[in-house]
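Note sheet for the following structure.
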Amino acid sequence: MAGTDEDTVAAADDALYVLTAVLLTPAKFPSVLGDDYPEACAALGLAPLADGYGLVLGQDGEGARWTVVIDDVSLVAVAIASWDCGMEYELSPDERTVVAALPGWPLAVAVAAPGVPAPHDPGPEADDRPPLAPPDTGVWGPAQRRLGADEIALQWATWREQVDDAAFPQPAATAAPDDGGEAGGGPDRGQGSSGQPGHSGIRRVLAEARAYIDSPPPLGRVRSSFAPGDARTLRADGPGWSLVARTDDIAFVLLDEEPGEVLPVGRGPELPGLLAALDKMAVRPT
């Protein structure tokens, strides 16, 4: 996603050259910011408004990175949809919609505005708050675990085709894992736990996910999005774990305590019902 080099918005007493934008809503938010919508908002010092926000990332005339928060969610959604289709869209929010201008970017942005200095954080004279920054990809932690789950959701077919259903124990237990792999890359079939009758981490994840049905978690902990056919892509997060699943297929689990590991979970007799129940309570894009 990228705006045109003419897209600008007033921020921090200067014009902002818009590079990209993302949504911050209960159904769709940058997962690097938190396990749920209120946590993601808190990371930016924002109140968790029901309608959410749009985050506009760009550079000022000196090249400094800024994240401008606006409350015109529809405008940002239209811009993102246009860019995803390869169309130009001039994202120019009204100044009255600006909620905050935050130094730095919470996400990695691969492009830069032409005709201005290279991207850099604003100096303390412009804003004395610590600048936002994307997570360090060289370490493993909650943000990296959630990014790994994002990658699986986006590249489901690639990950799914490397899982051999025959490797799941028969009869398939609810918590039976298959081979593991590196989050953010192709599964490494040498790092898994195939053949084990169960995995304590997976059992914990499934138990906590099941508890969500009776005691709803914070908004955005369980999200449902489109998938081919009649299926849905289900995403659930919790303390130290992320789960990605298709409602008509298996699930993948990532854990903070197992860096880089991706643990497939066979459908078995109980997983389909759990996924269906979670999908019913999940937040969905409007």
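Values quoted throughout were computed directly from the atomic coordinates according to the rules given, and no laboratory measurement underlies them. Keep in mind the model is a prediction, meaning the values are calculated, not measured. Virtual Cβ from ideal backbone geometry, glycine too; neighbours counted across all protein chains shown.
Remark: the stretch 17-29, residue by residue, has Karplus-estimated 3J(HN,Hα) of 8, 6, 9, 6, 7, 9, 8, 10, 10, x, 8, 8, 8 Hz, where x stands for each Gly or Pro and the curve is 6.51 cos²θ - 1.76 cosθ + 1.60 at θ = phi - 60°. Modelled label positions at E88 and A100, each set 7 Å beyond Cα in the direction of Cβ, lie 3.3 nm from each other. For Y53, the residues whose modelled amide H falls within less than 5 Å of its own, excluding neighbours fewer than 5 places apart on the same chain, are L24, T25.
Treating r as the C-beta distance of A157 and S200 and R0 as 22 Å, the FRET efficiency rounds to 0.15.
Between V109 and D71, what FRET efficiency comes out of the Förster formula 1/(1 + (r/R0)^6) with R0 = 25 Å and r the beta carbon distance, rounded to 0.05? Walk me through the intermediate numbers first.
Numbers: r = 22 Å, r/R0 = 0.88.
The pair D71/V109 has a calculated efficiency of 0.70.
Taking amide hydrogens as placed 1.01 Å from N in the peptide plane, the amide H of R246 sits under 5 Å from those of L234, each at least 5 positions away in sequence or on another chain. Put a dot 7 Å past each Cα toward the Cβ at A50 and E125; how far apart are the dots in nm? Taking the simple label geometry, E125 and A50 are separated by 4.6 nm. For A251, the residues whose modelled amide H falls within less than 5 Å of its own, excluding neighbours fewer than 5 places apart on the same chain, are V265.
Model label points for D164 and K280, set 7 angstrom from Cα along the Cα-to-Cβ axis, are 3.7 nm apart.
Computed from the Cβ-Cβ distance with R0 of 25 Å, the FRET efficiency linking A81 to D230 stands at 0.60.
For the stretch 8-103, the gyration tensor built on C-alpha atoms gives an oblate shape. Its axis ratio a/c (a ≥ b ≥ c) is at least 1.5, and a/b is not larger than b/c. 3J(HN,Hα) along the stretch 277-286: 5, 5, 5, 5, 9, 5, 6, 10, x, 8 Hz, from the Karplus curve 6.51 cos²θ - 1.76 cosθ + 1.60 with θ = phi - 60°, whole Hz, x for Gly and Pro.
Converting phi to 3J(HN,Hα) with the Karplus coefficients 6.51, -1.76 and 1.60 and the offset θ = phi - 60°, the stretch 146-159 yields 5, 5, x, 5, 4, 5, 5, 4, 6, 10, 4, 4, 5, 6 Hz in sequence order, with x at every glycine or proline.
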